[in-house]
Amino acid sequence: MAVDLKKNKDSLLKAYNDVVSDNSGTNWVIFGYEGSTTALKVVETGDNGIQELADELNSGHIQYAYCRVVDPNTDLPKYVLVNWQGEGAQDSFKLKYATHLKDIQAFLKMVHVTINARTDADIDEDDIVKKVAKSSGANYSFHKEKAKPIDAPAPVGTNYQRVMPNREIDAKNRDKFWAQTEKEEVKRRELEAKRTEEENKKLDQERKERELQEARDRDKKMEEKISAVRQQKQAEAKANELRQAEEKERWDRQQKDSYHDEEERRHRSDQMRKQRQAEASSLVSSTTSSARDFFKQKSVERPDADARRAPPPPRKIKSDFLEQQQKPEEPPKREPIQIPKSEPLAEIPPSSPFEEEEPYYVPETSPYEVEPEPEPQPAYEPEPEPAYEPEPEPAYEPEPPLRPTELVPQVPQGRNLLQQGLPARQNSEEAEEEQNWDEQPQEDFSPPEQKPSQIEDVPSAPGNVTSTEGQGSCARALYDYQATDDTEISFDPGDIITNIDQIDEGWWQGFAPDGSYGMFPSNYVELI
């Protein structure tokens, strides 16, 4: 937007004429804008020079100062225009009034020096006077020079000489001159050739020295680079060694901590085993007399063990012989009678000596449910026996918990009669695996048809223990146990103990796989 010089034109011209007039005492004037418009007005005038002008400028506005200064070179008045943009002025105003300077210069007409100022430091009287002096061009001093005295004029001399042709035309002197000139020319050429040769030699020498110096500098830089690379490689090698040393130290520390933890777990395991042995000893000491008397009494009353034990069947239960033996009689099917579940026997779960941190937990089981053997610990458990869980048939996927076994009316608690015919634990793992494979349940989880001749009335033992024909109550050993005297039996984990009599809560008696009969702790086995 252009500046408005017409609104206050009269006052602007009057102030301008006062400054340029020699008869007026006013030597400076300040122009400013009316509010936020572009109309220019007279803000202030004065007659005390540049110092007074600088004091009247406002740092928050955009103004123009016009003043008269005397040129020190010519003692003539010169006019200076100051473009004042205060530090506190808004940037929008600075952008808006940026193009007004040329219009104001054209309006004021006589402007010798233009100064852009933002602070009072930019308006210094000495600096302004120097700029005015430089703008005047030649350093004239019309009013300072004094008149100099002029010397009296002297007669004018002459350099004219008479020409004498005879004297000037002298062949001998001319030949001599040219001969001398030729000799000097030859000598000059020789000197010039010699000088050129010397300069060439000097240049060659300088070039060789420069090349040698460049080669030395290049070799030095190469050595420095090689040295830097070597130092870097050494530093990297040292860092790798330190890192490897730290890793080795950390590995050793981890191994040491692992060893200490292993020792601590082994020590804790030993303490737990000793504690269990102490508990077993206290239990034995408390019940030894009564249990052994009862055992002796039972031994007298029981018939021969070999007579009670059924002959071992073939290795595979699903044999033709067994099927032919069961075919002659097929009694009519009877509706099974559901036996209500009884509360499971409270057992003291023994802790395995091979487990370290977590104690062994034996979940409560119902006598009608068949649960799989707990999985052994891979690091400290002994080598497990072959899997006792049957392999599921492709036609169905058996669920983990089995339904209670349905029994015939004559037997309170019944089991699969195929399992009743199983002999004691075989020495061969293959035979045991085949027997366990043959024990897998049927698709409908119902017991097979039972023959009256194969059902034997067995008195219910304490704890509602399921009995099988020819073997009585059976249990599987969870831990190994070594007999302390001839009234006890020894067994290994996984062994099957048959014909069990629960003579006491903590001590039972039965037949070991080797045929021996005696007592054993009840918390070392689980009923099957």
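Rule-based calculations on the coordinates, nothing more; no lab input. Quick caveat: nothing in here was measured; it's all calculated off a predicted structure. So basically every Cβ, Gly included, is an ideal-geometry build from the backbone, and we count neighbours across all protein chains shown.
Say the cut-off is 21 Å between C-alpha atoms; which of Lys6/Lys102; Lys94/Lys131; Lys14/Lys94; Lys78/Lys102; Lys9/Lys78 go over it? Display every interim value, and only then the final one.
Numbers: Lys6/Lys102 16 Å; Lys94/Lys131 25 Å; Lys14/Lys94 27 Å; Lys78/Lys102 19 Å; Lys9/Lys78 23 Å.
Beyond 21 Å: Lys94/Lys131; Lys14/Lys94; Lys9/Lys78.
Could you calculate the contour length gain from Leu101 to Glu192, that is, 0.36 nm times the residue separation minus the distance between their Cα atoms, to one decimal place in nm?
Working it through step by step, the gained length comes to 26.1 nm.
Taking the highest mean first, how do the peptides 266-276, 250-260 order by number of other beta carbon atoms within 10 angstrom per residue? Working shown, then result.
Values: 266-276: 12.9, 250-260: 10.0.
Top of the packing list down: 266-276, 250-260.
Taking the Cα centre of the stretch 188-290 as origin and charging only Cβ (+1 Lys, Arg; -1 Asp, Glu), how large is the dipole, in debye to the nearest 20?
Once rounded to the nearest 20, the dipole reads 60 debye.
Using Cβ contacts closer than 10 Å as the measure, can you line up Ile115, Ile150, Ile104, Ile226 from fewest to most? Intermediate values should be presented prior to the final figure.
Working: Ile115 16, Ile150 6, Ile104 20, Ile226 10.
With the fewest neighbours first, Ile115, Ile150, Ile104, Ile226 line up as Ile150, Ile226, Ile115, Ile104.
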